[in-house]
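*Asks:* Quick one: the structure is below, questions incoming.
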2 protein chains.
Amino acid sequence: VPGASGLPGEFDLIARHFAPLSAGMPGALGLTDDACTYAPPRGFDLVLTVDAMTAGIHFLPDDPAELVARKLLRVNLSDLAAKGAQPVGYLITTAFTAATDEVWVAAFAAGLAADQREFGIGLMGGDTIATPGPLSLTLTALGIVPAGRALRRNGAKSGDVVLVSGTIGDGALGLKVLRHEFTDLAPVERTFLADRYHLPQPRLRLGQALRASNLVHAMMDVSDGLVADLGHIAEASGVGAVLEAAAVPLSAAASSLLADAPDLLPLILTGGDDYELLLTAAPDAVNDLLALGTEIGTPLSVIGTITAPAAKGKVVRVIDRDGADLDLATGGYRHF
Amino acid sequence: VPGASGLPGEFDLIARHFAPLSAGMPGALGLTDDACTYAPPRGFDLVLTVDAMTAGIHFLPDDPAELVARKLLRVNLSDLAAKGAQPVGYLITTAFTAATDEVWVAAFAAGLAADQREFGIGLMGGDTIATPGPLSLTLTALGIVPAGRALRRNGAKSGDVVLVSGTIGDGALGLKVLRHEFTDLAPVERTFLADRYHLPQPRLRLGQALRASNLVHAMMDVSDGLVADLGHIAEASGVGAVLEAAAVPLSAAASSLLADAPDLLPLILTGGDDYELLLTAAPDAVNDLLALGTEIGTPLSVIGTITAPAAKGKVVRVIDRDGADLDLATGGYRHF
């Protein structure tokens, strides 16, 4: 229905804002065709992942369009990082509302363009529709990995050490900052946390280096929450896991908040939106892995161990400094 | 938010209804991982396409879930057919509402299962979220085609003949049947038209045979409307086109309606939702192409010619039996 929204027609919109993003991808055919083509290099598998985001649920309706675009792209790139894959490109579906204007679309495309440059990828295809509901977005990301070498969740072994990259809890705390909580926190730390929510850092270089090390037994990215995602690894691998809460790496901002309000611990451990890499490996591989993290510039921390399968009860035990069980009220983000 | 809808948790929902659909796709990893893997056979390009559908816009809210699933899959398979590709599998994103219940999801999955069997494909991955808006769905389909041989829109040459498969207009007329129009039409023909709207027939075998013939200069599927889509070919190829309205193939049901109401012609020629193949080829290839359509069981019809680029005015001229220009009020479906 032309004119039903504040936007130019579909074809003009694609030509103006999205086709330029496909310039580096010959198989995208300038976004003027029914489909795109791509051939992975010989000896490589394709890795595919898809994530959807809806305004009001996965991002705040007044979040800047540029940041929405970059987060959408980055949560998918984080999935590729978890497989040890190198990103190639993406397809995007946008469902715009009657309130979406061309300024929003231009800023959204500018965000995609910025991250395309940062990660060396290009737009390959997509679809643009109108929706009477909230603005919603779906992105399918493509990557490549040496054939048969994609890392998976299901290889954790009893006796393995559990490691995680970066720091945990910043994303969930950042969302609270954006909702005007923690007003006593220093502005620089408020900004740090908000940025961690808005702009995840997909650990692509680390993921590829970990894959190439051949030392990792199981890996995934932390999106639903550290406890829930460690549970996903344990369940897929048929093992149990112990998470040492005091060993979980925290940013200065998160440490400062937690010191004042110890009841933030469950949020930090289960809030999600971290987009760090969670992995398991044999104990004798730990030193090499820690060195690898340091070399890449994304430190790894040892946070727990893989155990025999839990006979009953929780797959993941969370323990405090004294080895006593911690009871976290919630197990992690569920999409509904 | 568990319990926010009538559905079981996300992970249960995937395990019960979607994971079984991935059984034939080893790279889908049982839908328990961050991403899936796939390697096209050596010498083949991957072909990727994505389409989104929203309740109330792209399908009727009370359409049976099984048919919604099959239409979503088939409109994407139709894009693969237009490239001459063989389908392999798909990723699906579902945004369910608070009103979606498990009966709906089970019927939706049953529809996918039926078409997976029919087309020899499997589910590779996806994402499931909740939405406060209307139920919406996004599907990314993967196919393969011999390297460098995917058909495109941009190869039409002045002097080419324009052909189309099957019959045109049934989908748009079928939507009107479902909206309780044409009540005088015989029930068998009403059902035929409604089926053509609900259940497109992606012309996969024909598309692959046309690609293998090496006779086709340009091809796409008819989704936005015959006139608009012929315009897409003409624009991408830098040529003009003449469409002979009287030569457009019609079903018995569409012929019968048009005989009683000649003002249905614009709807038939521009309504879209046809999912037939539209192609151009040199005049001396026409007999071989017509024979190929007959052999496959999906007849082709000659419906026009490709001309020099239009100096001004419309890229596509639509003419009547006497060669006079027809003025169609609308140029085809726009997504907004």
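The values are calculated or read from the model by the stated rules, or taken from the named source; none is laboratory data. Keep in mind it's a predicted model, so treat the numbers as computed, not measured. Please note: Cβ atoms are built from the backbone with ideal geometry, for glycine as well, and neighbour counts cover all protein chains shown. We work out accessible area using only protein heavy atoms, side chains counted, and drop any ligands, DNA or RNA first. Shrake-Rupley method; radii C 1.70, N 1.55, O 1.52, S 1.80 Å.
*Asks:* What does the C-alpha gyration tensor say about the overall shape of region B:237-336? Classify as rounded when a/c is under 1.5, otherwise prolate if a/b is larger than b/c, or oblate. Write down the numbers at each step before the final one.
*Replies:* Values: a/c = 1.59, a/b = 1.07, b/c = 1.49.
It comes out oblate by the Cα gyration axes.
*Asks:* Could I ask something else about it? Got a sec? What order do A:E102, B:E118, A:E235, A:E244 fall in by accessible area at 1.4 Å, biggest, i.e. largest, first? Could the numbers behind the result be given before it?
*Replies:* On the way: A:E102 55, B:E118 100, A:E235 125, A:E244 75 Å².
Sorted by accessible area, descending: A:E235, B:E118, A:E244, A:E102.
*Asks:* Quick one, could you list the DSSP H helices from chain A stretching 20 Å or more along their long axis (Cα atoms) with average Kyte-Doolittle hydropathy of 0.0 or above? Could the numbers behind the result be given before it?
*Replies:* Working: long enough: A:65-82 (26 Å, 0.58); A:102-119 (25 Å, 0.49).
Sorted by number, the helices that extend far enough and score high enough are A:65-82, A:102-119.
*Asks:* Follow-up. Give me the net charge of A:V164's neighbourhood, meaning all other residues with Cβ under 9 Å from the Cβ of A:V164; Lys, Arg count +1, Asp, Glu -1. Before the final figure, lay out the partial values.
*Replies:* Details: positive: none; negative: A:D274, A:E276.
Summing Lys/Arg as +1 and Asp/Glu as -1 gives -2.
*Asks:* What residue among A:L278, A:L163, A:L326 has the largest mean-square fluctuation in a Gaussian network model of chain A, using Cα springs under 10 Å?
*Replies:* Top of the fluctuation ranking is A:L326.
*Asks:* Antiparallel DSSP bridges in chain A: what percent, to the nearest 5? The partial results should precede the final answer.
*Replies:* On the way: 39 of 52 bridges.
Looking only at bridges with both residues in chain A, the antiparallel portion is about 75 percent.
*Asks:* So how many Lys-Lys pairs in chain A land under 27 Å Cα to Cα, not counting same-chain pairs under 8 apart? Present the calculation step by step, with values, prior to reporting the outcome.
*Replies:* Numbers: A:K71/A:K83; A:K71/A:K176; A:K83/A:K157; A:K83/A:K314; A:K157/A:K312; A:K157/A:K314.
Summing the qualifying lysine pairs gives 6.
*Asks:* Using a simple spin-label model with points 7 Å from Cα along the Cα→Cβ vector, what separation in nm is obtained for B:A114 and B:E102?
*Replies:* 2.2
*Asks:* Work out which residues of region B:77-112 lose at minimum 40 square angstrom of accessible surface when the other protein chains are put back, relative to the chain isolated, with a 1.4 angstrom probe, and list them by number.
*Replies:* B:K83, B:L91, B:T93
*Asks:* Among DSSP bridges having both ends in the protein assembly as shown, what percentage is antiparallel? Round to the nearest 5. Each step should come with its number before you reach the end.
*Replies:* Values: 84 of 110 bridges.
Of those bridges, close to 75 percent are antiparallel.
*Asks:* Please check region A:121-136 for residues whose accessible area, probe 1.4 Å, is lower by 40 Å² or more when all protein chains are in place than in their chain alone.
*Replies:* A:D127, A:I129, A:A130, A:P132
*Asks:* With each label point set 7 Å from Cα along the Cα-Cβ vector, what nm distance links A:A23 and B:A252?
*Replies:* 5.7
*Asks:* Using the 7 Å Cα-to-Cβ label point, sort the distances from A:G313 to its equivalents in the other copies shortest first and give them in nm to one decimal.
*Replies:* Ordered by distance, the counterparts are at 8.3 nm.
*Asks:* Can you list the distances in nanometres, one decimal and ascending, from the A:G148 label point to the identical position in each other copy, with the point 7 Å along Cα to Cβ?
*Replies:* Label-point distances to the other copies, shortest first: 3.0 nm.
*Asks:* Something else: Would you mind giving the total buried accessible surface between chains A and B, with a 1.4 Å probe and ligands, DNA and RNA left out, rounded to the nearest 100 Å²?
*Replies:* Accessible area lost upon association: around 5400 Å².
*Asks:* On to the next question. Before I look further, what does region B:1-114 give for accessible area per residue, probe 1.4 Å, in whole square angstrom? Before the final figure, lay out the partial values.
*Replies:* Values: 3700 Å² over 114 residues.
About 32 Å² of surface per residue is accessible.
*Asks:* Accessible area per residue of region A:159-275 at 1.4 Å probe, in Å²? Working shown, then result.
*Replies:* Details: 4030 Å² over 117 residues.
I get 34 Å² per residue for this part.
*Asks:* How many nm is it between the label spots at B:K312 and A:R321, if each spot is 7 Å from the Cα in line with the beta carbon?
*Replies:* Modelled inter-label distance: 8.4 nm.
*Asks:* For every helix of n ≥ 4 consecutive DSSP H residues, a contribution of -39,500 (n - 2.57) applies; sum these over chain A, divide by its total residues, and give [θ] at 222 nm rounded to the nearest 500 deg cm²/dmol.
*Replies:* Details: 10 runs with 109 residues, N = 336.
Estimated from H runs of four or more residues: -10000 deg cm²/dmol.
*Asks:* For B:A110, place a label point 7 Å from Cα along the Cα-to-Cβ direction in every copy; what are the distances to the other copies, in nm, shortest first?
*Replies:* Output for B:A110: 5.1 nm, nearest copy listed first.
*Asks:* How large is log10 I(q)/I(0) at q = 0.08, 0.09, 0.12 Å⁻¹ when the Debye formula is applied to the Cα atoms of the protein assembly as shown, each weighted equally and without solvent?
*Replies:* The calculated log intensity ratios at q = 0.08, 0.09, 0.12 Å⁻¹ are -0.62, -0.76, -1.25.
*Asks:* In whole percent, how big is the carbon plus sulfur part of the accessible area of region A:242-324, probe 1.4 Å, protein atoms only? Could you put the intermediate results ahead of the total?
*Replies:* Values: 2070 of 3820 Å².
Solvent-exposed carbon and sulfur of region A:242-324 make up 54 percent of the total.
*Asks:* Same structure again: Between A and B, which A residue has the Cβ nearest their rotation axis, distance in Å?
*Replies:* A:G133, 1
*Asks:* Within 15 Å, Cβ to Cβ, of B:R16, how many net charges do the neighbouring residues add up to if Lys/Arg are +1 and Asp/Glu are -1? Write out the running numbers ahead of the final one.
*Replies:* Values: positive: none; negative: B:E10, B:D12, B:D101, B:E102.
After counting each charged neighbour, the total is -4.
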